[in-house]
Amino acid sequence: MSRYAPRPLATALEQFTGTLAPASTLARVQEVWESTVGAAIAASSRPTGEHDGVLTVTCEASVWAQELDLMAAELIPRLNHALGTEQIRALRCRTA
């Protein structure tokens, strides 16, 4: 009977935590949010809901909500590309 060599704990934990993450569209968007929209936008906003292709983004100020509304035509294709599917069809931006 052969034995496998021990593997690093970090590798085992990565595999385990990957199975814990929900497979929802919102969870997937949250994973790619900062790399897709950039650090400045991600620091001032976060995806907080998704229903029927409409992504709700909560912003720290109304100026950011207005800016993201204006950028929606650019952000939606970038998000869908990062997701690998056409899941998001609209943004709904609001303030906290």
Checklist entry - Looking at the chain, what % of the alpha carbon pairs are farther apart than 21 Å? => result 40
Next on the checklist: I'd like the antiparallel share, as a percent to the nearest 5, of DSSP beta bridges with both residues in the chain.
Outcome noted: 50
Item to check | Angle between the chain longest axis and helix 62-83 axis [Cα atoms, degrees, rounded to 10] | outcome: 40
Next on the checklist: Amide H of residue 53 versus every other amide H placed in the peptide plane: which residues, excluding those fewer than 5 positions away on the same chain, fall under 5 Å?
Outcome noted: none
Checklist entry - Toward the positive end of the charge dipole of the chain, about the Cα centre and with charges on Cβ (Lys, Arg +1; Asp, Glu -1), which of 76, 35, 59 goes farthest? => result 35
Checklist outcome for this item: Longest principal axis of the chain (C-alpha) makes with the long axis of helix 25-37 (C-alpha) an angle, in degrees to the nearest 10, of 70
Item to check | Sequence ranges 2-14, 31-43, ranked by mean other-Cβ count within 10 angstrom, highest first | outcome: 31-43, 2-14
Next on the checklist: Explain nothing, just compute: Karplus ³J(HN,Hα) = 6.51 cos²θ - 1.76 cosθ + 1.60, θ = phi - 60°, for every residue of the stretch 6-12 in order, whole Hz, x for Gly and Pro.
Outcome noted: x, 10, x, 4, 4, 5, 5
Checklist entry - In percent, how large is the relative contact order of the chain, given Cα pairs closer than 8 Å and 6 or more residues apart? => result 27
Item to check | Point-charge dipole on Cβ atoms (K/R +1, D/E -1) for the stretch 1-88, about Cα centre, debye to 20 | outcome: 580
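The numbers here are math on the coordinates, done by the rules we state, and not lab data. The model shown is predicted, which means the values in this text are computed figures rather than measured ones. Every residue, glycine among them, receives a Cβ derived from its backbone with ideal geometry; neighbour counts consider all protein chains shown.
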